[in-house]
1. Return the long-range amide H neighbours of CYS152 (sequence gap of 5 or more, or a different chain), with a cut-off of under 5 Å between placed amide H atoms.
2. Using the Cα gyration tensor of the range 46-196, with a ≥ b ≥ c the square roots of its eigenvalues, what is the shape: rounded (a/c below 1.5), prolate (a/b larger than b/c) or oblate (neither)?
3. Run the dipole for the range 134-219 about the Cα centre, Lys and Arg Cβ at +1, Asp and Glu Cβ at -1, nothing else charged, and hand back the magnitude in debye, nearest 20.
4. Could you go through the range 131-138 in sequence order and give the Karplus-derived ³J(HN,Hα) for each residue, using 6.51 cos²θ - 1.76 cosθ + 1.60 with θ = phi - 60°, rounded to whole Hz, and x for Gly and Pro?
5. Assigning unit charges at the beta carbon (Lys, Arg +1; Asp, Glu -1) and nothing else, what dipole magnitude in debye, to the nearest 20, does the chain show about its Cα centre?
6. Tell me which of LEU17, TYR173, ASN53 sits at the most positive position along the dipole axis of the chain, charges placed on C-beta atoms (Lys, Arg +1; Asp, Glu -1).
7. Restricting to DSSP H runs of at least four residues, report the calculated mean residue ellipticity at 222 nm for the chain, -39500 (n - 2.57) per run over all residues, nearest 500 deg cm²/dmol.
8. Whole-Hz ³J(HN,Hα) for each residue in the range 195-205, computed from phi via Karplus 6.51 cos²θ - 1.76 cosθ + 1.60 with θ = phi - 60°, x for glycine and proline: what do you get?
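We did not get these values from a lab; they are worked out from the coordinates using the rules stated. Please read these numbers as outputs of a predicted model, since none were measured by experiment. With ideal geometry, Cβ positions are generated from the backbone for all residues, glycine too; neighbour counts draw on all protein chains shown.
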Amino acid sequence: MSDRQVIATELLKGQGLGNQLFCYVTTRCLSLQNHCEFAILNREILANNIHSNKGMYFMDIDCGLDMKTEEFSEIYQEKEDRIYLGNSMHDIEHGCYISGADEKLLNLNQSILVYGNMQDEAYFGQYKEEIKQWLKVKPEFDNYEYSRDNLCIINIRGGEYTSNPELFLRRKYWLDAMKVMRQKRSDMEFMVITDDLSAARRILPEVPAYHFDLAGDYTVIKNAKYLILSNSTFAFFPAYTSETVQYIIAPKYWARHNVSDGYWASEQNIYDEFIYMDRKGKLFTAAECREELTAYKQSSHRYQKIGIKLSGIRLLTAKCHAKYLICGDLFVRALRSVKRRISSN
């Protein structure tokens with residue numbers, strides 16, 4: 001163990017690149033704030049995950065001190081607030097994650113190994129210029145081919161999202177956001193960057209969709225002039241560190257855009273740089289979203305039941321609602337498939 005204070009985190013199997021980068025960036029920022037060393041444990045799996053198995057080949061990432069978990073006597077798990085809802089079996093059994101910033105993370109005074117979501121702007125917002133340097137793309141991988149004044153990049157997250165109707169963004173969100181972008185420029189064109197070409201072509205068949213390698217997808221998003229984002233962490237840091245982007249639309253309520261009546265999943269995903277769109281196509285600044293959420297917390301019964309699992313009639317009702325959402329989603333998919341077949345004949 002270093003004689004100096006060390007703040008560390010461990011990258012975990014199953015994390016996507018976006019989640020890994022949040023843990024990395026927040027850990028470095030907390031160490032900077034505390035004038036101490038940092039360490040990224042299990043660093044060999046950085047960018048070796050669901051997105052790619054080539055590692056972080058397009059950046060030079062400083063992972064700090066080379067340390068092991070057993071060198072830390074203090075371990076801290078970021079707080080987790082969850083509400084149990086009938087959105088899905090996940091939200092019924094595990095709860096919907098709604099946490100905001102954990103103040104204890106902002107006041108670390110000893111060497112410690114930290115685990116958690118670590119996605120709140122309070123953790124890293126004051127170090128944006130440093131983050132741009134930490135996540136600087138190597139020149140040979142920095143793709144500006146699609147950085148045009150009249151081109152908006154749409155980032156659609158597919159994969160496991162597509163089987164979760166509470167999570168996979170509906171076609172209306174994309175169409176409403178595209179309408180706003182056309183108001184910005186009447187000659188606006190669109191292009192999709194996605195991890196799932198099949199899903200993207202089902203939800204937005206009229207927009208050309210592409211899936212390049214990891215560096216390609218990342219840098220096309222980073223160098224865009226206009227962005228319409230999904231509720232996925234992958235696009236956050238390319239958007240956040242962009243030197244070109246002029247306007248960013250993201251889904252209000254983030255991971256529960258489709259079903260929320262006011263809660264965020266999670267509160268950590270309200271960022272000053274984004275404009276948020278609700279299900280009616282109305283736009284909100286981050287400040288407006290935070291103000292609304294504060295009022296919601298005071299009036300909503302949901303926040304009075306944080307951490308309380310469903311039981312009895314509430315559990316039965318929740319399961320019925322989850323099945324209803326799945327059936328509704330399957331019906332919409334079937335209807336869309338029929339329409340595509342009719343139009344192709």
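1. Residues meeting the amide H criterion: GLU189, PHE190, MET191.
2. Numbers: a/c = 1.97, a/b = 1.28, b/c = 1.54.
In terms of gyration-tensor shape, oblate.
3. Details: 13 positive and 14 negative charges, 90 e Å.
Using Cβ point charges on Lys, Arg, Asp and Glu, the range 134-219 gives about 440 debye.
4. For the range 131-138, the Karplus-derived couplings read 4, 4, 6, 4, 9, 6, 7, 4 Hz, x marking Gly and Pro.
5. Dipole about the Cα centre, nearest 20: 2060 debye.
6. Ranked along the dipole, the leading option is TYR173.
7. On the way: 10 runs with 115 residues, N = 345.
So the helix-based figure for the chain works out to -10000 deg cm²/dmol.
8. Each residue's phi maps through the Karplus curve to give 8, 8, 4, 4, 5, 5, 6, 6, 7, 9, x Hz.
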